[in-house]
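> Okay, handing you the structure first.
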Amino acid sequence: MVTMATTANRKIETYEEFAKVHALLLAASGLPECLHQRLFEKLYGESFDGGKHFKIEPCEGGCQRRLVLTSASMEKNSDVFLVDHAWTFRLSDAFKQLREVPGLTERMGSLMCVDADVSSDDGEDERNDELGVEETIEMEVDAAKENGDGTLRWLELEGLNIDDAMLVSLALPTRFPDLVALSLLENKLNSAEVVVQEVIKLKHLKGLWLRSNPVHNNSDGKLAGAILKELPELEIYNSSFTSNFGEWALGFCAGIYGKDNPVNADQAHTSLHTVSSLDLSNRNIHNLKNKAFTPICLPSLTYLNIQGNPLEQNSVGDLLDLLQRFPCLRSLEVDIPGPLGRRAIDILESLPNISELNGIDASKILQPGKHVNDSMLLPRIPEWTPDEPLADRIINAMWQYLMTYRLADEEKLDETSVWYVMDELGSALRHSDEPNFRVAPFLFMPEGNLASAVSFSILWPTQNVQKGDECTRDFLLGIGEDKQRSARLTAWFHTPENYFIHAYEKHHQKLLSTSLIPPTFQYSATQSIHQHGGRPLLVYTDIPHVEEYLTHPEFAITNEPKDADIIWTSMQVDEEMKKATGITDQQYINQFPFEACLVMKHHLAETIQKAHGSPQWLQPTYNLETHLSQLIGDYCVRKREGLDNLWILKPWNMARTIDTTVTDNLPAIIRLMETGPKICQKYIEQPALFQGKKFDLRYIVLVRSMHPLEIFLSDCFWVRIANNQYSLARSSLFEYETHFTVMNYRGTINHKNANEFVREFEEEHQVKWLDIHTRVRKMIRSVFEAAAVAHPEMHNPTSRAMYGVDVMLDGSFQPKLLEVTYCPDCTRACKYDMDIVVGEGGIAKGCDFFNNVFKCLFLNGTSQVSQL
């Protein structure tokens, strides 16, 4: 956060004026006081003199840049340098600016090293893209005749729009019974039954790729199980090794087997004898002990990479014993901590022949007191496809370069954060746990006010630096392991996936084993608080709609909180407020103690998980402040299995979707923690749509008691509809009106009466709304049961409350809980009369909405509500 004092309002001429106006900013930056005047001089003179002291060099094969000192030396705290901001934006504007600001895309592409032209100079690839299925098969058959014995054993039919009917009509098992490898990536296969039926006829198949088909994305592993059961010779499925992997899978990874050489022609001899380098990383290997992976089959093996594999079926001792028997093995890459142990030094002591571990000389690791964990992490290099637009590449890569601040003055904190990319010099600073420089954002106000502010970053040495030294900064300055430092490094480095997968699996198993006994169902037991003698109940409220529409004669509005029987407020009633207003414990209040367990998003997830584990109606949800490792593990498992990996990040306690982001980018998820505490929840990527648009439903729940649990559902609910057609295109993820439905504060409200919506929805999808409504009621009951069981301290005899429950339907019309809101905005319920589409029907008059709410909560009325 950048805090500003704005007392001055004239051009700054002296250092004393500068220091006074910028006192808070200077303190927040951490810049030593001895450099304050030097900073003023450079700002006043607009001196960007970093080029005289540093140079930028390419590294990591041209995929990154680093900053090197060219001066003879530079002492600690001896100078400060201005770093310009090459790109400053709000996250929602990122794509728009890349499209519209001249030269921005080109500069960012170059700065982030993602502008390399990787498309083929040979036009053959483009021509192949345009070929039909039969033309592609014909080319493959001709190639097999020209280069081999004429038998087609390797067939790639990728991105050709093959659907279920076409797959059957191709009759691949009949035409090509000797296929060893088949790739059907990026097609339109939808039926698991059809795919299994066709594929299992290929009895010699050793490699099969089905990713990026609807059938794979929706199968949850069932498709793989059915195929593997019928194809015992299959060794690779979607790039993962099966439990039957052997010589062919190892040879594929060694580059021996492929399109030009699909099988071993010399069956008398293994093809692995000459293999010296073998990369088995990220192959989902569970058991490395195998008849083909032995020193006898691989006598020449010198380099082995087994990173990213669970290997949970092997003990540490068994794996070390196996690797010890490879006589030539000298270089090893493995997750640390991981299947071989938690420390690099222990692994090397058990494998004395290893001279290089994870790219680091063993002698350096074995030096006494040497800490090499972070130095073993390989940088995360952005990846893209040749046809991926440059703007998409930048959006993917920018999280390794972005920095952020949020503006604040004496009156308010800006609701949305500012993100920025430093210029080429600043962006070349790489990470180190022992940095020699420090960087901080700085807002210079030359006229002493915010209107004149210009943002920079300031750079200064924190250690003595010599010519030729790389200049580094700590990307996670001030963040230790108590704030998940190691996990957060995953935004910039390839950290050990096994560690996070293990954390996720442990967490997941705990959720699956959780099942608390729900409270028993009980019909209304709470007594009416009707006043005998004819006096109406006095209500104090700060909510205009209650004051306007609560007209029932049993209630009357008062302006004095201390005189009221009922306090109905949008503010939290704590001890301080009670003392200031005279509110007592005998008055009825529209909030329950500890209701944060429902209305704060991270507590809501914790409450449900504590009571129900992982119910189908709650998307996988992680509190990033405490469960980042588990989230990373879940992300890695989904990526490994080729499943959708789109997530939504929501602040703990902000409304109106402020600071809410949808992304499939793991570094983005981690970096977004910097703008405030959040939950990360699996995005419902295939929601039920209404006329092609996303929508959600707002239900109103009335709670009389938490023990026994007495809750009622209002017959009034309303639908909120996005303005744009739903899309999962990367550019659409930044479009508020595509992925969000609350348009009260931005965009145009797409109002649709509930009865019209239900009628049109039933016609569009051929479903019965009553069935959906029944499932929603059951889910809402389960939510409040969770709170009652997990937090019995919520019960209070003088509490009554109304909550908004937001629900979305997935593509199977199953309800999904989005959030629970305290004191929900009921403008629509008051403003519009509604045809009731559930219960006994009828019309809900807007002017009677709060009359019915108050009658239910305080007089035991049941008009236009139903008990859950």
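> Rounded to the nearest whole Å², what accessible area per residue is found for region 447-497 with the 1.4 Å probe?
42 Å²
> Further question: Find out how many positive minus negative residues lie around Met706, taking Lys and Arg as positive, Asp and Glu as negative, among other residues whose Cβ is under 11 Å from that of Met706.
That works out to -2.
> Sticking with this one: Kindly give the semi-axes, whole Å and largest first, of the ellipsoid equivalent to region 246-368, taking each as the square root of 5 times a Cα gyration tensor eigenvalue. Intermediate values should be presented prior to the final figure.
Working: eigenvalues 140, 44, 32 Å².
Sorted largest first and rounded, they come to 26, 15, 13 Å.
> Then there's this: Express as a percent, rounded to the nearest 5, the fraction of DSSP beta bridges in the chain (both residues included) that run antiparallel.
Of the beta bridges lying entirely in the chain, close to 75 percent run antiparallel.
> Right, next: Once the whole set of protein chains is in place, how much accessible area is left on Asp574, using a 1.4 Å probe, in Å² to the nearest 10?
60 Å²
> On a straight-distance basis, which aspartates and glutamates could pair with Lys203 in a cross-link, Cα separation under 16 angstrom, same-chain partners fewer than 8 positions away excluded?
Asp178, Glu230, Glu233, Glu235
> Sort Ile137, Ile345, Ile56 by accessible area with a 1.4 Å probe, largest first.
Ile56, Ile345, Ile137
> If I model a spin label as a point 7 Å beyond the Cα along the Cα-Cβ vector, how far apart are those points for Asn190 and Ile381 in nm?
Taking the simple label geometry, Asn190 and Ile381 are separated by 4.0 nm.
> Something else about it: Name the residues of region 682-705 whose amide N is less than 19 Å from a point 7 angstrom out from the Cα of Leu643 along the C-beta direction?
682-688
> Above 53 angstrom, tally the Cα pairs of the chain and express them as a % of all pairs, no decimals.
27 percent
> Mind checking which of Leu351, Ser457, Leu167 is farthest towards the positive end of the chain's charge dipole, using Cβ charges of +1 (Lys, Arg) and -1 (Asp, Glu) about the Cα centre?
The Cα lying farthest towards the positive end belongs to Leu351.
> Here is a follow-up. Sorting Glu434, Glu17, Glu710 by accessible area (1.4 Å probe), largest first, what list results?
Glu434, Glu17, Glu710
> A further question on this structure: Please state the relative contact order of region 673-793 as a whole percent: Cα pairs under 8 Å, 6+ residues apart?
Relative contact order comes out at 21 percent.
> Measuring with a 1.4 Å probe in the full set of protein chains, what accessible area per residue, in whole Å², belongs to region 246-368?
46 Å²
> Quick one: 3J(HN,Hα) in Hz for region 389-394, Karplus 6.51/-1.76/1.60 with θ = phi - 60°, rounded, Gly and Pro as x.
For region 389-394, the Karplus curve yields x, 4, 4, 5, 4, 5 Hz.
> Now, a different point. Which stretch or stretches of region 556-577 have amide N atoms under 12 Å from the point lying 7 Å from Gln586's Cα along the Cα→Cβ direction?
563-565
> Given the protein chains as shown and a 1.4 Å probe, how many square angstrom of Thr558 are accessible, to the nearest 10?
Thr558 exposes around 20 Å² with every protein chain in place.
> In addition: Pairs Lys601/Lys831; Lys96/Lys816; Lys222/Lys816; Lys752/Lys831: which exceed 20 Å Cα-Cα?
Listed pairs above 20 Å: Lys601/Lys831; Lys96/Lys816; Lys222/Lys816.
> Would you work out if region 13-75 is rounded, prolate or oblate? Take a ≥ b ≥ c from the square roots of the eigenvalues of the alpha-carbon gyration tensor; rounded if a/c is under 1.5, else prolate when a/b is larger than b/c, oblate otherwise.
prolate
> Something else: Along Cα→Cβ, 7 Å out, is where each label goes; now give me the distance between the ones at Asp84 and Gln766 in nm to one decimal.
Those two pseudo-labels are separated by 6.2 nm.
> In Å², and per residue, what accessible area does region 151-238 have when probed at 1.4 Å with the other protein chains present? Numbers along the way, then the final one.
On the way: 3770 Å² over 88 residues.
Roughly 43 Å² per residue, with all protein chains present.
> Let me ask you something else. On a 0 to 90 degree scale, rounded to 10, what angle separates helix 601-612 from the longest Cα axis of the chain?
The two axes meet at around 80 degrees.
> To continue, here is another question. Using 0.36 nm per residue, how much length does the chain from Ala27 to Lys510 gain when fully extended, once their Cα-Cα distance is taken away? Provide the component values of the computation, followed by the final result.
Values: separation 483, 0.36 × 483 = 173.88 nm, distance 4.53 nm.
Working it through step by step, the gained length comes to 169.4 nm.
> For Lys20 and Val168, calculate 0.36 nm times their separation in residues minus their Cα-Cα distance, and state this gained length in nm to one decimal.
45.5 nm
> To the nearest 10 square angstrom, how much accessible area does Met166 have with a 1.4 angstrom probe?
That residue has around 60 Å² of solvent-accessible surface.
> Report, in debye and to the nearest 20, how large the dipole of region 151-238 comes out about its Cα centre when Lys and Arg carry +1 and Asp and Glu carry -1 on their Cβ.
160 debye
> Among the lysines, which fall within straight-line cross-link reach of Lys579, defined as a Cα-Cα distance under 20 Å, with same-chain neighbours fewer than 8 residues apart omitted?
Lys562
> Please tell me the relative contact order of the chain in percent, rounded to the nearest whole number, where contacts are Cα pairs under 8 Å and at least six residues apart.
Relative contact order, the chain: 12 percent.
> Still on this model: Ranked from the most accessible area to the least, with a 1.4 Å probe and all protein chains present, what is the order of Phe293, Phe740?
Phe740, Phe293
> Mean residue ellipticity at 222 nm from the helices of the chain, using -39,500 (n - 2.57) per DSSP H segment of n ≥ 4 over the full residue count, to the nearest 500 deg cm²/dmol?
Helix-only estimate at 222 nm: -8000 deg cm²/dmol.
> Less than 16 Å from a label point 7 Å out along the Cα-to-Cβ axis of Leu728: which backbone N atoms in region 175-214 qualify, by residue?
185-191, 210-214, by backbone N distance to the label point.
> Over the chain, what percent of the accessible surface lies on carbon and sulfur atoms, probe 1.4 Å?
Carbon plus sulfur share of accessible area: 49 percent.
> Using 1/(1 + (r/R0)^6) with R0 = 51 angstrom and r between the beta carbons of Gln691 and Gln463, what's the FRET efficiency to the nearest 0.05?
According to the calculation, E is roughly 0.25.
The values are calculated or read from the model by the stated rules, or taken from the named source; none is laboratory data. Treat the numbers as computed from the prediction; the structure is a model and nothing was measured. Cβ: placed from backbone, ideal geometry, glycine included. Neighbour counts: every protein chain shown. Keep in mind that these areas ignore ligands, DNA and RNA; they rest on the heavy atoms of the full protein, side chains included. Shrake-Rupley method; radii C 1.70, N 1.55, O 1.52, S 1.80 Å.
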